[in-house]
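The values are calculated or read from the model by the stated rules, or taken from the named source; none is laboratory data. These numbers were taken from a predicted model, which means no experiment stands behind them. FYI the Cβ positions are ideal-geometry reconstructions off the backbone, even for glycines, and counts take in every protein chain you see.
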Amino acid sequence: MPKLRCLTAGESHGRALTCIIDGVPSNLALSANDINKDLARRQKGFGRGGRMKIESDRAQILSGVRHGKTLGSPISLMIENKDWANWETIMNPDILPSPPLNKGGLGGVVTRPRPGHADLTGALKYSHRDLRNVLERSSARETASRVAAGAVAKKFLSEFDIRVISYVTEIGGIRRQGSGVKGQGSGNNLLSLFNKAEASQVRCPDLKAEDKMITKIKAAIKKGDTLGGVFEVAVLGVPAGLGSYSQWDRKLEAKLSYAIMGIQAIKGVEVGMGFEMARSFGSEVMDEIYYRRGTAGRAPVSGGFYRKTNNAGGIEGGMSNGMPIILRAAMKPIPTLKTPLSSIDINTKKKFLAAYERSDTCAVPAASVIGEAVTALVIADCFLDKFGGDSIEEIKRNYSGYLKQIREF
């Protein structure tokens, strides 16, 4: 059973999104501001839709924190939907005499599934005749809850000098210079990329690529189309030994891939060099091992052992090896199109153009922030599994003892 569990609830146009996080130890300093910073980052990015103009996501801590410190009990969070007033009738949980309309005159029963969405398959699975029952929950709006939970996990990890960062490497086929480079992974280099990305409208550290990406997004907006792309998540300061080789479902890359693939619209994940490794000789891509005595070595989180390259992406044999963890995720274009594709009405079985719900043109920058959040949740869970305790103080004692052990190995 996971040490850190997260459960989200809420619909895209419902009253609020909620999240319960169980397993956070006591005495962790935590405030709503720690969470709201990442919620704001999730809403940025060139190519976002109209909802970002009306929503300013802020989390309310409802339980599990007192006087700025976690209690060790479940933490519950709530993020109000500012657009609820316009959807209160159509999303009302009570029985209504007739199909409702929202204040804008939209709504009613949705019967035209959008290609690429959960609409049709969800209706078949759950026997819904109104596709809104599917699209409200399957919407990527739900990820705000996971970003909030991930911010709590990040705050926990920061107590142990572990950072989770991200940046965009590709949008619409335009790549940043040096993306996917063999052996990348120095902590300082990754932090530099992250800092540049934070100042970019598309979270890309390459200014030339950024300009081209923005131009292509503008073309997609004009066309009524959408764009996908690729982002990378890096975890710095992870000790060797998270995860396990003992069972398939305890392998670190399996857990991380599962979490990343759980983000809406993600269709592929790579660790380290990923598929490029399959095209190379083993002698070209295995990370050779070196040793340096003393605690001031190049990789203190793995004792005196270190590697000069990081083709494996910080994971070997299902476990972290002390190098930065590098994940790469591919996001498909958003399937909601202003120039809609053909579909079939589920009632009449006649051909129609698919329904359009307010959406983004490109959400790859936002997806990278969500990638940070789910990665942080997995790393925090594996960290607690390895160094578990009920309070921050206890976990720090356990972790300190382990670092001493591997330094002396």
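The residues of segment 320-339 that are out of contact with any His (no Cβ under 6 Å at 6 or more places or on another chain) and either surrounded by fewer than 21 Cβ atoms within 10 Å (Cβ to Cβ) or in a loop (DSSP other than H, G, I, E, B) (or both), listed by number, are ASN321, GLY322, MET323, PRO324, ALA330, LYS332, PRO333, ILE334, THR336, LEU337, LYS338, THR339. Going by what's in this entry, would SER138 be described as of a type in the set (Gly, Ala, Ser) and in contact (Cβ under 8 Å) with a residue 60 or more places away in the chain? The answer is yes for SER138.
Criterion first (among the hydrophobic types (A, V, I, L, M, F, W, C), modelled with pLDDT of 95 or more and either outside any loop (DSSP other than H, G, I, E, B) or surrounded by fewer than 19 Cβ atoms within 10 Å (Cβ to Cβ) (or both)) does ALA259 satisfy it?
Details: among the hydrophobic types (A, V, I, L, M, F, W, C): yes; modelled with pLDDT of 95 or more: yes; either outside any loop (DSSP other than H, G, I, E, B) or surrounded by fewer than 19 Cβ atoms within 10 Å (Cβ to Cβ) (or both): yes.
The answer is yes for ALA259.
Of the residues making up segment 217-229, those that are crowded, with 19+ Cβ neighbours inside 10 Å and not small (Gly, Ala, Ser) number 3. Among the candidates SER283, SER342, the residue that is surrounded by fewer than 19 Cβ atoms within 10 Å (Cβ to Cβ), in contact with a Lys or Arg (Cβ under 8 Å, 6 or more places away or on another chain) and on the phi < 0 side of the Ramachandran plot is uniquely SER342.
Within the option set GLY313, GLY304, being in contact with a Ser or Thr (Cβ under 9 Å, 6 or more places away or on another chain) and either charged (D, E, K, R) or crowded, with 17+ Cβ neighbours inside 10 Å (or both) holds for one residue only, GLY304.
Would you point out which residue out of GLY282, GLY304, GLY243, GLY224 is among the small types (Gly, Ala, Ser) and closer than 20 Å to ILE379 by Cα? Talk me through it step by step, then tell me what you get.
Details: GLY282 fails: closer than 20 Å to ILE379 by Cα; GLY304 fails: closer than 20 Å to ILE379 by Cα; GLY224 fails: closer than 20 Å to ILE379 by Cα.
Answer to the selection: GLY243.
A quick yes/no check of all residues on (1) in contact (Cβ under 8 Å) with a residue 60 or more places away in the chain; (2) within 17 Å of MET331 (Cβ to Cβ); (3) outside any helix (DSSP H, G or I); (4) within 15 Å of the chain's Cα centre (by Cα):
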{"position": "GLY116", "(1), (2), (3), (4)": "yes, yes, yes, no"}
{"position": "SER145", "(1), (2), (3), (4)": "yes, no, no, yes"}
{"position": "ALA149", "(1), (2), (3), (4)": "yes, no, no, yes"}
{"position": "TYR167", "(1), (2), (3), (4)": "yes, yes, yes, yes"}
{"position": "PHE194", "(1), (2), (3), (4)": "no, no, no, no"}
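Applying a threshold of 7 Å to beta carbon distances and a minimum spacing of six or more residues, or different chains, the list of pairs starting in segment 196-221 at a residue that is closer than 12 Å to CYS362 by Cβ and ending at one that is buried (at least 19 other Cβ atoms within 10 Å of the Cβ) and of a type in the set (Ser, Thr, Tyr) reads ARG203/TYR167; ARG203/SER368; CYS204/TYR167; ILE217/THR361; ALA220/THR226; ALA220/THR361; ILE221/THR361.
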